[in-house]
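The values are calculated or read from the model by the stated rules, or taken from the named source; none is laboratory data. Remember, predicted model here, so these are calculated numbers, not experimental data. Virtual Cβ from ideal backbone geometry, glycine too; neighbours counted across all protein chains shown.
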Amino acid sequence: MSRSEYSWQKPHRDALLEFDLPEIERKVHAAEGAIFLRIQQLGDSPEDDAERRAIHEALSALRGVLTEKLNYPKFQTEISGNSQQS
């Protein structure tokens, strides 16, 4: 999909630009919902790769908002098979 703005980008931008703490959480969840819906629509076509990369970056930015502004715990981004203890 090649276009100047994806459908999920406005809610994402709104979440990033919000300063009111109660509204931040609501807008982050709205952005996550819009991204989730778009992920469901995306195919496996290489032409969707750019949008998938943009989604990955957008979700990372939203996680940053949650941890930095709302004190959510940091998200673990890698799962290691060696992290289990006996």
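Would you call D49 assigned to a loop (DSSP other than H, G, I, E, B), over 13 Å from I24 (Cα atoms), acidic (D, E) and modelled with pLDDT under 95? It is false that D49 is assigned to a loop (DSSP other than H, G, I, E, B), over 13 Å from I24 (Cα atoms), acidic (D, E) and modelled with pLDDT under 95. D48 falls short on exactly one of the conditions (1) in contact with a helix residue (DSSP H, G or I) (Cβ under 9 Å, 6 or more places away or on another chain); (2) of a type in the set (D, E); (3) farther than 12 Å from S7 by Cβ, and that condition is (1).
Within the range 1-57, being of a type in the set (D, E), exposed (fewer than 11 other Cβ atoms within 10 Å of the Cβ) and more than 18 Å from T67 (Cα to Cα) holds for E5, D44, E47. When restricted to residues that are more than 27 Å from E23 (Cα to Cα), assigned to a helix (DSSP H, G or I) and either at pLDDT 85 or above or among the small types (G, A, S) (or both), the range 52-86 contains 2. Listed by first and then second residue, the pairs linking a residue in the range 32-44 that is closer than 13 Å to Q9 by Cβ to a residue that is of a type in the set (V, I, T) and surrounded by 13 or more Cβ atoms within 10 Å (Cβ to Cβ), with Cβ atoms under 8 Å apart and 6 or more places separating them unless they lie on different chains, are I35/I55; R38/I55.
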